[in-house]
Amino acid sequence: MSHPRRVKVTSLAIVAFIGAVVGMSGGRVYAQVSAAATNDLPNPYHPVENWAQLPAGTEWGQVISVDPDGHGNVWVFHRKEPAILEFDSSGKLVNSFGTGFVQAHGMAIDRSGNIWVTDAAAKDGKGQQVFEFSPKGKLLMTLGKAGVAGNGPDTFNGPSGVAVAPNGDIFVGDGHGAGTNARVVKFSKDGKFIKAWGKQGSGPGEFDTLHSLAMDSKGRLFVADRGNSRIQIFDQDGKFIAEWKQFGRPSGIFISKDDTLYSVDSQSDEKINPGVKRGIRIGSAKDGAVKVFIPDLSTDPKIALAEGVSADAQGDVYAAGVTSMALHKFVRSP
């Protein structure tokens with residue numbers, strides 16, 4: 001009697017099959033659980049010192065966020081007044097505005113060119129809010145109650161990051177560690193509360209310091225879940241898609257139009273995240289592959305390169321330094 005041919009299936013194939021099935025979302029496959037970040041990747045970049053030109057007598061505060069607009073200019077959010085700075089492609093300061101922030105933190109630029117920023121702490125009746133400004137500095141929208149910490153539909157406690165979807169919906173990463181919130185809050189384009197998700201923890205959809213948000217070309221929301229040393233990915237309704245640890249312990253993340261993912265790690269060390277070095281990791285938001293690592297320029301454990309990161313249309317990288325108190329630029333070596 002003949003027997004059916006037996007097919008030998010390797011454990012690797014089984015793992016690949018399970019990963020594909022578990023990672024399937026909307027007809028596409030995404031990696032669900034990733035390996036730890038590595039440090040032995042190519043670095044085709046070199047730093048450009050003092051690219052941004054500040055007027056005489058003006059100094060950097062703690063530089064927390066940086067984002068390019070659609071016209072080739074670069075916007076910076078720092079902890080000194082005026083807090084919002086616009087530079088042209090040559091590094092010349094062309095505009096500045098914004099005063100009264102308690103703790104300048106997250107920033108994003110929407111498709112209309114408007115600038116969104118978060119004020120992550122409260123003091124003297126100010127803070128715990130999200131603001132939308134026109135490129136000329138006109139205040140267009142305010143979310144949250146000034147100086148009031150809370151977890152309701154109209155209050156924040158530690159709003160650290162913001163992202164705006166193509167349709168105008170607004171996402172706020174609300175929480176900066178112990179004693180604050182740990183959730184993503186979604187609003188309509190006119191500022192009406194839609195929903196919130198998340199809580200303190202380390203499981204899927206749980207957070208510990210939502211330090212930055214970004215959105216890819218498919219509309220997926222990426223959350224820099226810094227306290228858990230991972231990026232979490234969701235759809236716009238809050239459905240968990242994946243967690244990625246290969247991009248380090250992310251303080252800041254940015255996704256370009258071609259779905260290149262930039263992640264800056266400002267905290268990893270042998271105690272917090274063993275085996276992982278600080279710096280900028282660059283890869284793909286499509287499949288999670290990491291291709292480039294720009295090591296931290298500083299050897300001082302108390303001074304990190306940056307907590308914010310972005311890139312312009314040419315692929316030049318900008319890093320916003322809080323402890324280094326500088327805006328850093330990197331370009332590809334010839």
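What follows draws every value from the coordinates through simple rules; no lab data is involved. For clarity, every value in this text was computed on a predicted model and none was experimentally measured. Cβ atoms come from the backbone with ideal geometry, glycine included; neighbour counts cover every protein chain shown.
Has the stretch 135-151 got any residue that is out of contact with any Ser or Thr (no Cβ under 7 Å at 6 or more places or on another chain), crowded, with 17+ Cβ neighbours inside 10 Å and under 16 Å from residue 78 (Cα atoms)? Checking the stretch 135-151: not a single residue is out of contact with any Ser or Thr (no Cβ under 7 Å at 6 or more places or on another chain), crowded, with 17+ Cβ neighbours inside 10 Å and under 16 Å from residue 78 (Cα atoms).
Scan the stretch 91-111 residue by residue and report those that are of a type in the set (Phe, Trp, Tyr) and either in contact (Cβ under 8 Å) with a residue 40 or more places away in the chain or loosely packed, with under 15 Cβ neighbours inside 10 Å (or both). Scanning the stretch 91-111 gives a single hit, 97.
Residues that are hydroxyl-bearing (Ser, Thr, Tyr) and surrounded by 16 or more Cβ atoms within 10 Å (Cβ to Cβ) do occur in the stretch 207-222.
Considered as a group, the residues in the stretch 264-301 that are touching a residue at least 12 places away in the same chain (Cβ under 8 Å) and of a type in the set (Val, Ile, Thr) include one that is surrounded by the fewest Cβ atoms within 10 Å (Cβ to Cβ), and that residue is 272.
Which residue, of 112, 89, is within 20 Å of residue 327 (Cβ to Cβ) and either touching a Gly at 6+ places or on another chain (Cβ under 7 Å) or not in a strand (DSSP E or B) (or both)? If you could, list the steps in order and put the result at the bottom.
Numbers: 112 fails: within 20 Å of residue 327 (Cβ to Cβ).
The conditions single out 89.
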